[in-house]
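The values are calculated or read from the model by the stated rules, or taken from the named source; none is laboratory data. A quick note: this is a predicted structure, and the numbers were derived from the prediction, not measured. A quick note on method: Cβ atoms are made from the backbone with ideal geometry, for glycine too, and the neighbour counts reach across all protein chains shown.
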Amino acid sequence: MGSMGTTIELRLPSELGYEKLAIALAAAVAAKMGFSDDRIADLKTAVGEACTNAIVHGNRSDSRMTVLVVMTIEPDRLSVDVVDRGVAPIPQEVPAPCIARMVAGEARTGGLGMFLIRSLVDEVEISREPDGANQLRMVIHLR
Amino acid sequence: MGGETTAAVRKARGACIVDVSGDVTSFSESAIKGAWAEAVATAPRQIVLNFQKVQYMNSAGIAILIDLVAEARKTQVRVSLVWRNEHFEKILKMVGLTRYLTVYSSEAEALSAD
């Protein structure tokens, strides 16, 4: 499977449901690289959340926009970049969800997606391109 | 794109079982909450959410579970989840929901714990 720095790109319509294509592709790539089933499951959830956020928040579910997913295969890691048009920026810091307050009806059930992304992959990097595009990079290490 | 949620209610040993299948995402809210309301209307002492046929859940699905747990606390109905899926049980533990929602590997276990 690919030599150093092989990239695979996918462009998704900004419509919920299409994140499943990115999930399936990420899982297939990770499996080929030899990641464990547990890590593949973690990656699937993280990629799903990142793409969902990109579709809903970054691109406001505007069908005229697409979400770019770029997977970079290296000998010791897999990086997945999710790029949207940046209608809303990705927050750099999201407070940990307070389930107690959510269950008590005192807080909105939001912010879970970013919390899961940060908890499930080894590295997360958020950046904003000069043209306003958001890029969320997730990296998992092949141990 | 695929994975439509279905949710149906049945009774077993004094409890209500809500059988959910498909994906559990933002698209699932109507189906799951509709079934929940149907179950609550029968005044059960326990509602068991049976997710054994759920293939995929995202954070919007977790938010639905949180809403149901919040509802259960108001109506004092015991709620539990049946789902033999290590990854999603880990996710639910990670977000802290397992403090409020016990996850069982089988319906029999969930009903016996009542």
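Looking at A:A22, A:A50, just one residue is in contact with a Cys (Cβ under 6 Å, 6 or more places away or on another chain), closer than 26 Å to A:Q92 by Cα and outside any loop (DSSP other than H, G, I, E, B), and that residue is A:A22.
Residue count for the stretch A:25-53 satisfying the condition of being among the aliphatic types (A, V, I, L, M), in contact (Cβ under 8 Å) with a residue 60 or more places away in the chain and within 13 Å of another protein chain (Cβ to nearest Cβ): 4. As a summary of the residue check, A:V80 satisfies the conditions (1) more than 14 Å from chain B (Cβ to nearest Cβ); (2) buried (at least 22 other Cβ atoms within 10 Å of the Cβ); (3) touching a Leu at 6+ places or on another chain (Cβ under 6 Å) except for the one numbered (3).
Let's see how each residue does on (1) polar (S, T, N, Q); (2) part of a strand (DSSP E or B); (3) closer than 20 Å to A:K20 by Cα:
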{"position": "A:V82", "(1), (2), (3)": "no, yes, yes"}
{"position": "A:P89", "(1), (2), (3)": "no, no, no"}
{"position": "A:V94", "(1), (2), (3)": "no, no, no"}
{"position": "A:R101", "(1), (2), (3)": "no, no, no"}
{"position": "A:A107", "(1), (2), (3)": "no, no, no"}
{"position": "A:S127", "(1), (2), (3)": "yes, yes, no"}
{"position": "A:I140", "(1), (2), (3)": "no, yes, yes"}
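Does the stretch B:73-83 hold any residues that are at pLDDT 95 or above and not in a strand (DSSP E or B), and which are they? Within the stretch B:73-83, B:W83 is the sole residue that qualifies.
Condition (residue is surrounded by 14 or more Cβ atoms within 10 Å (Cβ to Cβ) and at pLDDT below 95) applied to the stretch A:17-34: is it met by at least one residue? Looking through the stretch A:17-34, at least one residue is surrounded by 14 or more Cβ atoms within 10 Å (Cβ to Cβ) and at pLDDT below 95.
Condition check ((1) more than 10 Å from the chain's Cα centre (by Cα); (2) more than 14 Å from every other protein chain (Cβ to nearest Cβ); (3) not aliphatic (A, V, I, L, M); (4) not in a helix (DSSP H, G or I)) across all residues:
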residue: B:A8; (1), (2), (3), (4): yes, yes, no, yes
residue: B:D23; (1), (2), (3), (4): yes, no, yes, yes
residue: B:A31; (1), (2), (3), (4): yes, yes, no, no
residue: B:G34; (1), (2), (3), (4): yes, yes, yes, no
residue: B:V48; (1), (2), (3), (4): no, yes, no, yes
residue: B:I64; (1), (2), (3), (4): no, no, no, no
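Can you tell me which residue is nearest to A:A50 (Cα to Cα) among those in the stretch A:88-106 that are touching a residue at least 12 places away in the same chain (Cβ under 8 Å) and surrounded by 15 or more Cβ atoms within 10 Å (Cβ to Cβ)? Restricting to residues being touching a residue at least 12 places away in the same chain (Cβ under 8 Å) and surrounded by 15 or more Cβ atoms within 10 Å (Cβ to Cβ), the top hit is A:I90. Hey, can you tell me all the residues within the stretch A:89-117 that are touching a helix residue (DSSP H, G or I) at 6+ places or on another chain (Cβ under 9 Å), farther than 12 Å from B:I62 by Cα, among the hydrophobic types (A, V, I, L, M, F, W, C) and at pLDDT 85 or above? Matches in the stretch A:89-117: A:I90, A:A100, A:A104, A:A107, A:M114, A:F115, A:I117.
Consider the stretch B:83-100 and keep the residues that are more than 9 Å from every other protein chain (Cβ to nearest Cβ) and hydrophobic (A, V, I, L, M, F, W, C). The one that is surrounded by the most Cβ atoms within 10 Å (Cβ to Cβ) is B:L92.
Inspect all residues belonging to the stretch B:42-50 and state whether any of them is surrounded by fewer than 18 Cβ atoms within 10 Å (Cβ to Cβ) and at positive phi. Yes - at least one qualifying residue is present in the stretch B:42-50. Each residue in the stretch B:1-51 was checked for being without any contact (Cβ under 8 Å) to a residue 40 or more places away in the chain and in contact with a Pro (Cβ under 6 Å, 6 or more places away or on another chain), and 1 pass. Residues in the stretch B:26-58 that are of a type in the set (S, T, Y) and farther than 17 Å from B:V103 by Cα: B:S26, B:S28, B:S30, B:T42.
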